[in-house]
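These notes concern the structure reproduced below.
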Amino acid sequence: MRRFMMMVLMAALAVSLAGVASANTWTPRVDRREAHQRARIAQGVRSGQLTPRETRRLVAGEWQIHRMERRAKADGVVTPRERRRLNVALNHESRAIYRLKHNARVR
């Protein structure tokens, strides 16, 4: 009886670990790009290339991407479609950072 219970427990553990292992919520590229873009914004603030209003707009855009990522991870799986949407949003925000840093406005 004890051996049977141990085997049932091991089987239940294996099934639960398989479910955790299959949860694909790891997004290292998105996290790395978010960090890089935050650094670009901070550098623009330090150098005076970004005005306070431009900075607020960029930070709000970064926060929106962060919320999109949280929603994508909420069900335990980040699908390829969700990854594409995150990538498109990151591309859009990256272009906005470039445009605002390279316009004629300075602090």
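Some points to look at:
- In a DSSP loop and with at most 13 other Cβ atoms within 10 Å, the chymotrypsin sites (Phe, Trp or Tyr not before Pro) in region 16-107 are 26.
- Cα→Cβ-extended label distance, 7 Å offset, between residue 46 and residue 87, nm: 3.1 nm
- Label-to-label distance for residue 35 and residue 66 is 1.5 nm, based on points extended 7 Å past Cα in the beta-carbon direction.
- Segment residue 102-residue 24, extension gain: residue separation times 0.36 nm, minus the distance between their alpha carbons: 24.3 nm
- Think of each Lys and Arg Cβ as +1 and each Asp and Glu Cβ as -1; about the Cα centre, that makes the dipole of region 49-107 roughly 180 debye.
- Globularity ratio of region 26-107, using Cα Rg and 2.2 N^0.38 Å: 1.16
Where a number appears in this text, it was derived from the coordinates with a stated rule and is not lab data. Keep in mind that what you see is a predicted model, and the values were worked out from it rather than measured. Don't worry about glycine lacking a Cβ; one is built from the backbone with ideal geometry, like all the others, and counts go over all protein chains shown.
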